[in-house]
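The values are calculated or read from the model by the stated rules, or taken from the named source; none is laboratory data. The model shown is predicted, which means the values in this text are computed figures rather than measured ones. Cβ: placed from backbone, ideal geometry, glycine included. Neighbour counts: every protein chain shown.
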Amino acid sequence: MSESDRFQAESIETGETKMKQILLITDGCSNVGQSPVMAASFAKQEGITVNVIGVVDYGTIGELGAMEIEEIAKAGGGMSELAETRQLAKTMQMMTRKTVVQTIQQAVNKELKQILGSGSVESLPPDKRSEVVEVMDELTETTPLDVALLIDASASMKPKLAAVEDAIRDLMLSLGAREGETRLAVFHFPGKHSGEDAVLDMDWTSKINEARSLFQRLVMKGATPTGPALLKVIDFFRYGTLNGYQTGLGEADEREGILSDYVH
């Protein structure tokens, strides 16, 4: 087997690893609980990319809010964007696509370093580079992908939630066109009860028609516990529950979950 063939075979194996993303949609600064930047950094350590969209309609995001949005995405290995609600669906699709390509390229470059002794696709000869790009394109479409949407439901977001629901449906249509297994879950924060940092609105699904009327009965609150909400979603990726470690009896034990690492 040639080095190029070996690279292609081993690179395709990276597609067996499911890519994980959190897409946070917010319109302002967090003001409750742990640092969202720290939470995003933890997500990255867990192999979960964090992307952030700042929604700027009905009042603008201040300088501090924009800085926080950028820092959360940077710590989570993702990207950030400010968008009006009418651009939301397009922005969500673009960011999801770009971070999938970025993740694939990082994996491919890692393989290149090990197999060909080269650090990047650009440093390859043209013929090998075209083969690598072809593999990357294939992996972008076929690698399994989980996207967790985390929606800020603080009081100022109320006028924007209808646009968020429309954007979720558009995103599901876009993800459904991929060849690989793609699933979406939807969460909002905070919940209506004290200490309810995040609420699961839609469990993992690849069925487009399930994303409807998610936020009709929401009780909008002023608090914005972005950091705690991110930690809850990371728990969900790990254990399939928002409440921490899933025991053998099927009961969640928050003391054993990741939140214990952040209790001060």
Exercise for review: Can you tell me which residue within segment 181-200, out of those that are of a type in the set (G, A, S) and closer than 30 Å to P144 by Cβ, is surrounded by the fewest Cβ atoms within 10 Å (Cβ to Cβ)?
Suggested key: A185
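Yes/no matrix, rows are residues, columns are (1) closer than 14 Å to T26 by Cβ; (2) among the aliphatic types (A, V, I, L, M); (3) in a helix (DSSP H, G or I); (4) at pLDDT below 90:
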{"residue": "L150", "(1), (2), (3), (4)": "yes, yes, no, no"}
{"residue": "S156", "(1), (2), (3), (4)": "yes, no, yes, yes"}
{"residue": "P159", "(1), (2), (3), (4)": "no, no, yes, yes"}
{"residue": "D170", "(1), (2), (3), (4)": "no, no, yes, yes"}
{"residue": "L173", "(1), (2), (3), (4)": "no, yes, yes, yes"}
{"residue": "E179", "(1), (2), (3), (4)": "no, no, no, yes"}
{"residue": "R183", "(1), (2), (3), (4)": "no, no, no, no"}
{"residue": "V186", "(1), (2), (3), (4)": "no, yes, no, no"}
Check your understanding: Do we have G47 as surrounded by 18 or more Cβ atoms within 10 Å (Cβ to Cβ), at pLDDT below 95 and either among the small types (G, A, S) or under 19 Å from the mean Cα position of the chain (by Cα) (or both) here?
Key -> no
Practice item. Please work out which residue is surrounded by the most Cβ atoms within 10 Å (Cβ to Cβ), limiting yourself to segment 50-65 and to residues that are free of Cβ contacts under 8 Å to residues at least 40 places away in the same chain and not in a loop (DSSP other than H, G, I, E, B). Key: V52
**Study point:** Subset of segment 53-74 (residues that are of a type in the set (V, I, T) and in contact with an Asp or Glu (Cβ under 7 Å, 6 or more places away or on another chain))
**Key:** I53, V55, V56, I61
Practice item. With respect to A107, determine if the residue is surrounded by 18 or more Cβ atoms within 10 Å (Cβ to Cβ), closer than 26 Å to L231 by Cα, touching a Ser or Thr at 6+ places or on another chain (Cβ under 6 Å) and not β-branched (V, I, T). Key: yes
